[in-house]
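Presented below is the structure to which this report refers.
The values are calculated or read from the model by the stated rules, or taken from the named source; none is laboratory data. It should be emphasised that the depicted structure is a prediction, and the values quoted were computed from it without experimental measurement. Note: accessible area is taken over every heavy atom of the protein model, side chains too, but ligands, DNA and RNA are not part of it. Shrake-Rupley method; radii C 1.70, N 1.55, O 1.52, S 1.80 Å.
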Amino acid sequence: FEEDLPQLRQEKIFLYTVAFSEESDRVLLRDMAERTKALSWYASDVTTIHSKFSELFLALKKPQVTPIEEGGFNIDPSVREATFYITRPD
C-alpha cells in the first residue's frame, strides 16, 4: 500500500476492481482502486456481474451515446473505429 500504490498512481496506472463474493475483501479492493484514482464495484451474485462489467466498460471507454432512431443511426465520416455496446431493458 505505502510503496506500490503511490508508484502506480504516479505512473498513472489505475486499478479498477470488481469483488465477486461476500468473501471478497471489498474494503481492500475499494481502497486499492481509490488510491490509484480508479473505481471499484461489487457483484453480489451471478446476475449482477454483467451489469458491473458494463459499468466498468462505460467508465473506461467514456462512449458517445447515439440513439437508434427510425431503425438506424448515423456515424460521422471522420470516425475511424467504432465499438458497439448494446443493451436492452430486461
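Take the residues in region 5-53 that are modelled with pLDDT under 90 and charged (D, E, K, R), then tell me which one is nearest to Ile86 (Cα to Cα). Residue satisfying both the conditions and the ranking: Lys52.
So in region 50-82, with the set limited to residues that are open to solvent by 80 Å² or more (accessible area, probe 1.4 Å) and β-branched (Val, Ile, Thr), which one is farthest from Phe14 (Cα to Cα)? So, considering only residues that are open to solvent by 80 Å² or more (accessible area, probe 1.4 Å) and β-branched (Val, Ile, Thr), the one farthest from Phe14 (Cα to Cα) is Ile68. Restricting attention to region 13-49, which residues are assigned to a loop (DSSP other than H, G, I, E, B) and open to solvent by less than 40 Å² (accessible area, probe 1.4 Å)? Ser21, Ser24, Thr36, Ala38, Ala43 - these are the residues of region 13-49 that are assigned to a loop (DSSP other than H, G, I, E, B) and open to solvent by less than 40 Å² (accessible area, probe 1.4 Å).
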